[in-house]
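Structure first, commentary second.
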Amino acid sequence: MTPLRLAVVGVGDVAQRDYLPEFGRLSGRAEITVVCGQGADRARAVAEQFGVPRWSTDYRAVVAADDVDAVVNLTPIPVHHEITLAALQAGRHVYSEKPLSSSADEAQELHDEAVRGNLVLVCAPSVMLFPQLRMVQEIVASGQLGPVLAARAHAIAGPPPWAGYDSDPTPFFGSEGGPLIDMAVYPLHALTGLLGEAESVAALSGRGREGFTVSEGPYSGRRVPVVSDDTWQLLLRIGTCLASVEANFSTTPSPAPECELRGELGGVAFSLLDVSAPISVITEGTGEWVDEAVQHERASGPDHILGVEHLADCIASGERPIASAEHAIHVLAVIEAARHSMAEERTVAIPSSSPTPTPAARGTSS
């Protein structure tokens with residue numbers, strides 16, 4: 001089988017920490033032919049470090065190159081839409097880091113472009129591909145928990161400056177950033193992937209600081225204004241379930257698992273950000289919380305490379321992605337409704353995303 005030829009656009013922190021070190025797992029199925037970054041020095045250094053044949057600073061030339069079949073878009077949030085659209089218009093399959101775009105309408109445009117070109121579009125976060133979520137999906141479908149009536153989830157990045165973060169953090173705190181769109185996507189994708197579409201949301205937000213100074217790395221000394229609210233609390237109705245979601249850049253992390261579902265007969269708690277963590281389950285049969293180990297490939301942390309592997313698998317098989325654009329569009333609609341809720345101080349209904357399949361149907365061929 002000829003390996004899928006990939007262009008990695010964006011060579012910052014997430015590329016170097018989570019994606020590129022794991023690419024060896026795709027050997028024989030996919031290979032990186034070019035990396036592209038905004039700065040020549042970093043792009044060159046990353047190409048040399050990871051043995052990539054060539055590098056560039058011109059993403060438009062890269063996505064249209066003859067030796068590229070698909071694009072892995074790992075750039076900052078404000079340029080996700082622009083670069084993914086350029087890749088799709090060049091006839092390339094795409095894996096996009098989260099969020100797919102800055103708005104549901106822009107994301108819908110990308111979905112429609114992919115459909116027109118008969119192209120595969122896979123969208124992070126790939127939490128529904130993580131081994132914990134696969135196990136939990138089976139538990140929920142089995143009925144062991146009974147009707148799921150309550151859920152809570154959180155995604156906390158911690159207060160800045162972030163130790164060991166060598167890229168420019170400014171986009172995370174700008175008008176198109178913030179924890180609602182950068183971090184809440186993890187629990188929102190998990191909850192709606194496991195339980196179905198969210199129907200309504202009530203939200204509150206706040207801002208703990210006006211700015212901060214980067215303390216280490218190449219951007220040390222840079223003053224970063226905090227433009228978007230850095231603390232969010234959401235309450236959602238998802239079918240029979242009432243779910244709370246917390247996302248922030250402002251507090252110390254919680255020791256609790258990032259997600260918990262509870263029903264009449266049992267409950268399950270699990271991580272959204274560490275594939276090495278066990279899941280905890282309580283059922284009528286056990287009567288107490290019991291940890292169950294999860295088989296995983298990455299040593300620890302979020303296994304984002306599963307999304308790129310999924311892209312390659314969907315291209316080869318023709319199956320519809322689990323980490324689909326429709327799901328990403330629905331999550332962006334939830335985020336937009338949460339913003340309206342905060343601004344208008346009321347519960348806001350979330351438009352139905354009719355193309356979004358139910359959890360049981362995701363992953364089947366279209």
Based on this model, can you work out whether Ala30 counts as over 22 Å from the mean Cα position of the chain (by Cα), of a type in the set (A, V, I, L, M), at pLDDT 95 or above and closer than 13 Å to Ala7 by Cβ? no
Whichever residue in the stretch 118-140 is of a type in the set (S, T, N, Q) and either open to solvent by less than 10 Å² (accessible area, probe 1.4 Å) or touching a residue at least 24 places away in the same chain (Cβ under 8 Å) (or both) and, among such residues, is nearest to His327 (Cα to Cα): Ser126
Subset of the stretch 257-276, residues open to solvent by 40 Å² or more (accessible area, probe 1.4 Å) and either part of a loop (DSSP other than H, G, I, E, B) or in contact with a helix residue (DSSP H, G or I) (Cβ under 6 Å, 6 or more places away or on another chain) (or both), comes to Pro257, Glu264, Leu265, Leu273, Asp274, Ser276
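Yes/no per residue for (1) surrounded by 22 or more Cβ atoms within 10 Å (Cβ to Cβ); (2) at positive phi; (3) among the acidic types (Asp, Glu); (4) touching a residue at least 12 places away in the same chain (Cβ under 8 Å):
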{"position": "Ala15", "(1), (2), (3), (4)": "yes, no, no, yes"}
{"position": "Tyr19", "(1), (2), (3), (4)": "yes, no, no, yes"}
{"position": "Glu31", "(1), (2), (3), (4)": "no, no, yes, yes"}
{"position": "Gly37", "(1), (2), (3), (4)": "yes, no, no, yes"}
{"position": "Ser56", "(1), (2), (3), (4)": "no, no, no, yes"}
Here is a check on your reading of the model: is Ala86 buried (at least 16 other Cβ atoms within 10 Å of the Cβ) and under 22 Å from His310 (Cα atoms)? yes
State whether one or more residues within the stretch 213-228 are of a type in the set (D, E, K, R), assigned to a strand (DSSP E or B) and closer than 27 Å to Trp162 by Cα. yes
Residue check, Val9 closer than 22 Å to Ala114 by Cα, open to solvent by less than 10 Å² (accessible area, probe 1.4 Å) and among the aliphatic types (A, V, I, L, M): yes
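Listed here are the residues, each with its yes/no results for (1) in contact with a Lys or Arg (Cβ under 6 Å, 6 or more places away or on another chain); (2) open to solvent by 40 Å² or more (accessible area, probe 1.4 Å).
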| site | (1), (2) |
| --- | --- |
| Ser101 | no, no |
| His111 | no, no |
| Arg116 | no, yes |
| Pro160 | no, no |
| Thr192 | no, no |
| Ser200 | yes, no |
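Only one residue in Ala243, Ala247 is buried (at least 16 other Cβ atoms within 10 Å of the Cβ), at pLDDT 95 or above, within 20 Å of Asp13 (Cβ to Cβ) and of a type in the set (A, V, I, L, M, F, W, C). Which one? Give the steps one after another, and end with the answer.
Numbers: Ala243 fails: within 20 Å of Asp13 (Cβ to Cβ).
From the options Ala243, Ala247, the qualifying one is Ala247.
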A careful count of residues in the stretch 307-319 that are open to solvent by 20 Å² or more (accessible area, probe 1.4 Å) and under 14 Å from Gly193 (Cβ atoms) gives 1
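Only residues that are in contact (Cβ under 8 Å) with a residue 24 or more places away in the chain, part of a loop (DSSP other than H, G, I, E, B) and either closer than 16 Å to Arg17 by Cβ or among the acidic types (Asp, Glu) (or both): list them for the stretch 277-302, please.
Passing the criteria: Glu297, Arg298, Ser300, Gly301, Pro302.
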Looking at Ala338, Ala333, can you tell me which residue is under 28 Å from Arg237 (Cα atoms), of a type outside the set (D, E, K, R), modelled with pLDDT of 95 or more and touching a strand residue (DSSP E or B) at 6+ places or on another chain (Cβ under 6 Å)? Ala338
Please tell me if His296 is open to solvent by 30 Å² or more (accessible area, probe 1.4 Å) and either among the polar types (S, T, N, Q) or touching a helix residue (DSSP H, G or I) at 6+ places or on another chain (Cβ under 7 Å) (or both). yes
All positions within the stretch 102-149 that are among the β-branched types (Val, Ile, Thr) and within 17 Å of Ala70 (Cα to Cα): Val115, Val120, Val122
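The values are calculated or read from the model by the stated rules, or taken from the named source; none is laboratory data. Quick caveat, the model's predicted, so the values are computed rather than measured. Glycine also receives a Cβ, built like all others from the backbone with ideal geometry; neighbour counts cover every protein chain displayed. In case anyone asks, the SASA skips ligands and DNA or RNA and just uses the protein heavy atoms, side chains included. Shrake-Rupley method; radii C 1.70, N 1.55, O 1.52, S 1.80 Å.
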